[in-house]
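The structure appears right after this line, and notes come after that.
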Amino acid sequence: MVLDDASAEFHEFFERHYAELARLAHLLTGETDAADDLAADALVALWQRWDRFRQADHPIAYARGVVANLARGRIRSAVRERRRIALFWSRSPEKVDGPDVTAVLDVRAALARLPFRKRACVVLRHAFDLSEKDTAVALGISVGTVKSQTSKGMAELERILGARASGDLVAGRRNR
(Lines give C-alpha, C1' and ligand atoms only; values in the text may rest on other atoms or scores of the structure.)
Protein backbone atom coordinates (compact mmCIF):
# COMPACT_ATOMS: atom_id res chain seq x y z
CA MET A 1 0.00 0.00 0.00
CA VAL A 2 1.43 3.37 -1.01
CA LEU A 3 0.79 6.25 1.37
CA ASP A 4 0.75 9.86 0.24
CA ASP A 5 2.69 12.45 2.26
CA ALA A 6 -0.29 13.45 4.41
CA SER A 7 -1.13 9.83 5.25
CA ALA A 8 2.49 9.08 6.10
CA GLU A 9 2.73 12.16 8.33
CA PHE A 10 -0.50 11.26 10.09
CA HIS A 11 0.62 7.67 10.58
CA GLU A 12 3.90 8.90 12.09
CA PHE A 13 2.03 11.33 14.38
CA PHE A 14 -0.35 8.55 15.42
CA GLU A 15 2.47 6.12 16.24
CA ARG A 16 4.39 8.75 18.19
CA HIS A 17 1.53 10.24 20.23
CA TYR A 18 -1.37 7.78 20.52
CA ALA A 19 -0.21 6.21 23.81
CA GLU A 20 0.36 9.63 25.39
CA LEU A 21 -3.07 10.87 24.32
CA ALA A 22 -4.72 7.70 25.66
CA ARG A 23 -2.88 8.12 28.97
CA LEU A 24 -4.03 11.74 29.18
CA ALA A 25 -7.62 10.67 28.51
CA HIS A 26 -7.37 7.99 31.22
CA LEU A 27 -6.05 10.42 33.80
CA LEU A 28 -8.71 13.00 32.96
CA THR A 29 -11.67 10.60 32.99
CA GLY A 30 -10.47 7.81 35.27
CA GLU A 31 -11.94 5.33 32.78
CA THR A 32 -9.55 2.83 31.19
CA ASP A 33 -11.98 1.73 28.49
CA ALA A 34 -12.89 5.29 27.55
CA ALA A 35 -9.25 6.37 27.25
CA ASP A 36 -8.59 4.45 24.04
CA ASP A 37 -11.89 5.58 22.55
CA LEU A 38 -11.22 9.24 23.38
CA ALA A 39 -7.69 9.12 21.97
CA ALA A 40 -8.97 7.44 18.80
CA ASP A 41 -11.82 9.95 18.46
CA ALA A 42 -9.35 12.81 18.87
CA LEU A 43 -7.09 11.38 16.19
CA VAL A 44 -10.02 10.89 13.82
CA ALA A 45 -10.96 14.54 14.35
CA LEU A 46 -7.36 15.55 13.67
CA TRP A 47 -7.21 13.45 10.51
CA GLN A 48 -10.35 15.15 9.22
CA ARG A 49 -8.57 18.50 9.56
CA TRP A 50 -5.08 17.21 8.85
CA ASP A 51 -4.21 19.82 6.21
CA ARG A 52 -4.84 22.61 8.73
CA PHE A 53 -3.56 20.65 11.72
CA ARG A 54 -0.16 19.82 10.25
CA GLN A 55 0.49 23.55 9.79
CA ALA A 56 -0.06 24.28 13.51
CA ASP A 57 2.80 25.67 15.59
CA HIS A 58 2.23 23.14 18.39
CA PRO A 59 0.38 20.14 16.95
CA ILE A 60 0.70 17.94 20.08
CA ALA A 61 -0.65 20.77 22.25
CA TYR A 62 -3.62 21.05 19.90
CA ALA A 63 -4.11 17.27 20.06
CA ARG A 64 -4.03 17.36 23.87
CA GLY A 65 -6.65 20.10 23.77
CA VAL A 66 -8.89 17.96 21.57
CA VAL A 67 -8.53 15.04 24.03
CA ALA A 68 -9.24 17.35 26.98
CA ASN A 69 -12.39 18.69 25.30
CA LEU A 70 -13.61 15.19 24.44
CA ALA A 71 -12.92 14.07 28.03
CA ARG A 72 -14.82 17.06 29.39
CA GLY A 73 -17.77 16.19 27.17
CA ARG A 74 -17.70 12.57 28.31
CA ILE A 75 -17.60 13.59 31.98
CA ARG A 76 -20.48 16.03 31.52
CA SER A 77 -22.49 13.40 29.70
CA ALA A 78 -21.87 10.87 32.46
CA VAL A 79 -22.90 13.40 35.11
CA ARG A 80 -26.11 14.19 33.23
CA GLU A 81 -26.87 10.49 32.86
CA ARG A 82 -26.30 9.85 36.59
CA ARG A 83 -28.63 12.74 37.41
CA ARG A 84 -31.34 11.37 35.11
CA ILE A 85 -31.06 7.93 36.70
CA ALA A 86 -31.18 9.43 40.19
CA LEU A 87 -34.27 11.44 39.29
CA PHE A 88 -35.90 8.42 37.70
CA TRP A 89 -35.42 6.27 40.79
CA SER A 90 -36.16 9.22 43.13
CA ARG A 91 -33.35 8.46 45.46
CA SER A 92 -29.87 9.81 45.86
CA PRO A 93 -26.97 7.74 44.57
CA GLU A 94 -25.47 5.42 47.13
CA LYS A 95 -22.21 6.52 48.68
CA VAL A 96 -19.31 4.37 47.54
CA ASP A 97 -16.08 4.39 49.47
CA GLY A 98 -13.06 5.02 47.27
CA PRO A 99 -10.43 2.37 46.82
CA ASP A 100 -7.94 2.36 49.66
CA VAL A 101 -5.54 -0.28 48.38
CA THR A 102 -2.57 1.70 47.04
CA ALA A 103 -1.36 5.25 46.80
CA VAL A 104 -2.02 5.24 43.04
CA LEU A 105 -5.68 4.43 43.54
CA ASP A 106 -5.94 7.08 46.24
CA VAL A 107 -4.48 9.73 43.94
CA ARG A 108 -6.77 8.70 41.07
CA ALA A 109 -9.80 8.87 43.34
CA ALA A 110 -8.71 12.29 44.59
CA LEU A 111 -8.17 13.48 41.02
CA ALA A 112 -11.68 12.37 40.12
CA ARG A 113 -13.04 14.70 42.84
CA LEU A 114 -11.41 17.77 41.32
CA PRO A 115 -13.33 19.96 38.88
CA PHE A 116 -12.27 19.31 35.30
CA ARG A 117 -10.08 22.39 34.75
CA LYS A 118 -8.14 21.87 37.99
CA ARG A 119 -7.72 18.17 37.20
CA ALA A 120 -6.56 18.89 33.66
CA CYS A 121 -4.01 21.47 34.86
CA VAL A 122 -2.65 19.19 37.58
CA VAL A 123 -2.44 16.18 35.24
CA LEU A 124 -0.76 18.07 32.40
CA ARG A 125 1.68 19.89 34.71
CA HIS A 126 2.60 17.00 37.01
CA ALA A 127 1.84 13.71 35.23
CA PHE A 128 2.90 14.94 31.78
CA ASP A 129 5.50 17.43 33.07
CA LEU A 130 4.31 20.16 30.68
CA SER A 131 5.32 23.76 31.20
CA GLU A 132 2.69 26.29 32.23
CA LYS A 133 2.76 27.69 28.70
CA ASP A 134 2.28 24.28 27.04
CA THR A 135 -0.54 23.47 29.45
CA ALA A 136 -2.20 26.80 28.64
CA VAL A 137 -1.93 26.12 24.90
CA ALA A 138 -3.32 22.58 25.28
CA LEU A 139 -6.34 23.75 27.28
CA GLY A 140 -6.88 27.06 25.49
CA ILE A 141 -6.55 29.11 28.69
CA SER A 142 -4.11 31.73 29.96
CA VAL A 143 -0.85 30.93 31.74
CA GLY A 144 -2.20 32.73 34.82
CA THR A 145 -5.24 30.47 34.84
CA VAL A 146 -2.96 27.44 34.59
CA LYS A 147 -0.95 28.69 37.57
CA SER A 148 -3.99 29.36 39.75
CA GLN A 149 -5.87 26.19 38.78
CA THR A 150 -2.78 24.02 39.32
CA SER A 151 -2.12 25.62 42.70
CA LYS A 152 -5.74 25.26 43.82
CA GLY A 153 -5.92 21.71 42.46
CA MET A 154 -2.77 20.66 44.32
CA ALA A 155 -4.09 22.25 47.54
CA GLU A 156 -7.36 20.32 47.15
CA LEU A 157 -5.45 17.08 46.51
CA GLU A 158 -3.39 17.67 49.66
CA ARG A 159 -6.56 18.33 51.62
CA ILE A 160 -8.32 15.25 50.22
CA LEU A 161 -5.37 12.90 50.56
CA GLY A 162 -4.27 14.36 53.89
CA ALA A 163 -7.75 14.06 55.38
CA ARG A 164 -8.03 10.46 54.21
CA ALA A 165 -4.58 9.56 55.57
CA SER A 166 -5.23 11.20 58.96
CA GLY A 167 -8.68 9.58 59.10
CA ASP A 168 -7.09 6.18 58.49
CA LEU A 169 -4.61 6.78 61.29
CA VAL A 170 -7.34 7.77 63.74
CA ALA A 171 -9.46 4.73 62.78
CA GLY A 172 -6.42 2.46 63.13
CA ARG A 173 -5.68 3.75 66.65
CA ARG A 174 -9.27 3.19 67.76
CA ASN A 175 -9.17 -0.41 66.58
CA ARG A 176 -6.14 -1.28 68.74
Identify all residues within segment 74-107 that are modelled with pLDDT of 75 or more and open to solvent by less than 100 Å² (accessible area, probe 1.4 Å); write none if there are none. 74, 75, 77, 78, 79, 81, 104, 105, 106, 107
Boolean, residue 61 is open to solvent by less than 10 Å² (accessible area, probe 1.4 Å), among the small types (Gly, Ala, Ser) and in a helix (DSSP H, G or I): yes
Which pairs do you get when a residue that is more than 18 Å from residue 119 (Cβ to Cβ) and modelled with pLDDT of 50 or more, found in segment 149-176, comes within reach of a residue that is open to solvent by less than 40 Å² (accessible area, probe 1.4 Å) and assigned to a helix (DSSP H, G or I), reach meaning Cβ atoms under 9 angstrom, with the pair 6+ apart or on two chains? 165/106
Considering residues that are open to solvent by less than 50 Å² (accessible area, probe 1.4 Å) and part of a helix (DSSP H, G or I), the number found within segment 128-141 is 4
Restricting to segment 18-54, give me the number of residues that are under 10 Å from the mean Cα position of the chain (by Cα) and among the basic types (Lys, Arg). 1
From the list 44, 122, pick out the single residue that is in contact with a Ser or Thr (Cβ under 9 Å, 6 or more places away or on another chain) and either at pLDDT 90 or above or not in a helix (DSSP H, G or I) (or both). 122
Out of curiosity, is residue 71 modelled with pLDDT of 80 or more and in contact with a Ser or Thr (Cβ under 8 Å, 6 or more places away or on another chain)? yes
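The values are calculated or read from the model by the stated rules, or taken from the named source; none is laboratory data. As the structure is a prediction and not an experimental result, all values here were calculated from the model. Neighbour counts run over all protein chains shown; Cβ positions are idealised from the backbone, glycine included. With ligands, DNA and RNA removed, areas are computed over all heavy atoms of the protein, side chains included. Shrake-Rupley method; radii C 1.70, N 1.55, O 1.52, S 1.80 Å.
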